[in-house]
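Novice: Please see the structure below; I have some questions.
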Amino acid sequence: MFWMGIIILSIYVIVGLEVTIGSRKIRFLRDVTPDSASSLPSVSILIAARNEERNIRLALQSLLDLDYPHLQLILVNDRSEDRTGDILDEMKKDDQRLEILHLRELPKGWLGKNHALWQGSLKATGELLLFSDADVVMEPDTLLRAVSYFQAEQLDHLAAAPEARMPSLFLNMFGVTFGFFFGIFTRPWKAPDPKSDCHIGIGAFNLVKAESYLQAGGHKTIALRPDDDLKLGKILKQQGCRQQLIYGAGLISVEWYASIRELVLGLEKNVFAGTDYRVWLAISGVVFNLVAILWPFFALFFTSGSTLLLYALIVLSIGLIAADGARFHGFSAWFALGFPLTAGLFTFIIIRSVTCNLVKGGITWRGTFYSLAELRENRV
């Protein structure tokens with residue numbers, strides 16, 4: 001047990017240093033100086049919306065308020081069963097810049113959102129395409145800063161991480177923990193390296209050259225990927241595109257999930273997909289969480305002597321890494337106190353995601369069932 005503690009501590013030293021150093025290589029969008037409007041390319045913003053009546057009016061109004069000169073706004077209503085379509089039509093009456101596309105059917109071989117974004121892209125005329133979500137709110141100068149950075153860095157793809165807002169302390173703690181795991185899994189600071197397989201994509205903000213998007217096959221290539229945002233980044237990276245991640249805190253915000261139940265159900269479709277439906281990889285993640293993250297906290301009650309001191313050092317290391325990450329992203333360092341609980345919840349979500357996929361034989365997303373067999377066929 002002592003030597004296992006040595007191994008765990010070594011992992012935290014290595015991982016902690018990489019995450020801490022790597023995350024600081026990524027810039028904040030708020031620190032980017034906007035370029036002159038005369039040299040900016042045209043941008044088409046594409047959003048797929050299904051049953052989004054709760055947030056879409058606020059999100060869409062923020063897009064209409066964007067301070068950008070060459071802008072096309074395409075909203076795709078994907079078979080909504082609530083007032084989403086009516087709200088879009090009402091807002092179009094007040095602002096003719098909106099282009100609304102109502103979809104009534106979903107062709108076989110497509111996830112709804114991916115099909116909607118693909119249909120929207122066929123109507124896009126911009127030199128750049130911005131894929132976003134129907135609940136994302138942007139400050140007026142967001143796009144101006146993003147495109148300025150895009151051009152200055154000579155990029156083909158820029159993903160921006162939003163500021164995730166949730167209504168409870170525990171949910172916000174989970175958001176910080178999820179960001180930690182997501183960072184370890186994707187290592188986005190290595191996405192710009194053409195020699196690395198690391199790639200990045202964020203559903204709230206994926207800005208890409210229209211030419212590069214079409215060359216990669218667009219959403220047609222990832223038609224059945226629930227994790228379409230990340231996989232879009234992957235197929236672009238495979239095409240040799242230059243990509244980066246930037247932090248959008250203060251400029252881009254989203255209400256990620258409104259309750260724990262919504263959180264658990266929402267991540268059900270993504271977590272197993274993130275492993276490309278490989279059971280062994282998902283199990284490896286669960287074992288790692290149990291041994292390297294949760295066990296050290298329990299070890300404080302079941303060990304003694306030098307072993308107890310070792311695990312106390314491990315727990316302290318975990319706390320310092322979690323506190324640093326929380327503070328770096330604008331949250332309280334005290335959020336680190338919730339790390340064992342939120343890490344435990346994330347472990348449960350992984351187990352539940354795999355179990356539900358295997359038992360049900362697939363996922364139900366936005367009212368449509370997709371079999372695991374067809375989902376596995378769309379590995380990229």
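Novice: Just to verify a result, which residue in segment 268-282, among those that are part of a helix (DSSP H, G or I) and free of Cβ contacts under 8 Å to residues at least 12 places away in the same chain, is farthest from the chain's Cα centre (by Cα)? Break it down stepwise before answering.
Specialist: Going through segment 268-282, the residues part of a helix (DSSP H, G or I) turn out to be 268-274, 279-282.
Checking which are free of Cβ contacts under 8 Å to residues at least 12 places away in the same chain leaves us with 280-281.
Working: W280: 23, L281: 20 Å.
The qualifying residue farthest from the chain's Cα centre (by Cα) is W280.
Novice: Could you tell me which residue of segment 291-332 is farthest from N172 (Cα to Cα), considering only residues that are without any contact (Cβ under 8 Å) to a residue 12 or more places away in the chain, exposed (fewer than 15 other Cβ atoms within 10 Å of the Cβ) and not hydroxyl-bearing (S, T, Y)?
Specialist: Ranking the qualifying residues of segment 291-332, first place goes to G305.
Novice: Got a sec? Which of D67, D78, D31, D89 is of a type in the set (D, E), in the same structural domain as R145 (by TED's automatic domain parsing) and in contact with an Asp or Glu (Cβ under 7 Å, 6 or more places away or on another chain)? Break it down into steps so the answer makes sense when it comes.
Specialist: On the way: D78 fails: in contact with an Asp or Glu (Cβ under 7 Å, 6 or more places away or on another chain); D31 fails: in contact with an Asp or Glu (Cβ under 7 Å, 6 or more places away or on another chain); D89 fails: in contact with an Asp or Glu (Cβ under 7 Å, 6 or more places away or on another chain).
On inspection, the qualifying residue turns out to be D67.
Novice: Among the residues of segment 143-197 satisfying the criterion of being aromatic (F, W, Y) and out of contact with any Phe, Trp or Tyr (no Cβ under 8 Å at 6 or more places or on another chain), which is farthest from V43 (Cα to Cα)?
Specialist: First, the residues of segment 143-197 that are aromatic (F, W, Y): 149-150, 170, 174, 178, 180-182, 185, 189.
If we keep only those that are out of contact with any Phe, Trp or Tyr (no Cβ under 8 Å at 6 or more places or on another chain) as well, we get 149-150, 170, 180, 182, 185, 189.
Details: Y149: 14, F150: 12, F170: 37, F180: 32, F182: 29, F185: 31, W189: 26 Å.
The residue in question is F170.
Novice: Among the residues of segment 333-369, count how many are in contact (Cβ under 8 Å) with a residue 40 or more places away in the chain and either not assigned by TED's automatic domain parsing to the domain that holds A323 or not in a helix (DSSP H, G or I) (or both).
Specialist: 5
Novice: Right, here's the next one. Which members of segment 190-233 meet the condition of being part of a helix (DSSP H, G or I), touching a His at 6+ places or on another chain (Cβ under 7 Å) and more than 23 Å from T125 (Cβ to Cβ)?
Specialist: Across segment 190-233, the qualifying residue is only G233.
Novice: State whether the residues of segment 247-257 include one that is in a helix (DSSP H, G or I), in contact with a Leu (Cβ under 6 Å, 6 or more places away or on another chain) and not basic (K, R).
Specialist: Quick first cut of segment 247-257, residues in a helix (DSSP H, G or I) only: none.
No, the conditions are met nowhere in segment 247-257.
Novice: Which number in (1) touching a helix residue (DSSP H, G or I) at 6+ places or on another chain (Cβ under 7 Å); (2) over 24 Å from V137 (Cβ atoms); (3) surrounded by 14 or more Cβ atoms within 10 Å (Cβ to Cβ) marks the one condition that I283 misses?
Specialist: (1)
The values are calculated or read from the model by the stated rules, or taken from the named source; none is laboratory data. Here the structure is a predicted model, which is why all the values come from computation and not from measurement. Cβ atoms come from the backbone with ideal geometry, glycine included; neighbour counts cover every protein chain shown.
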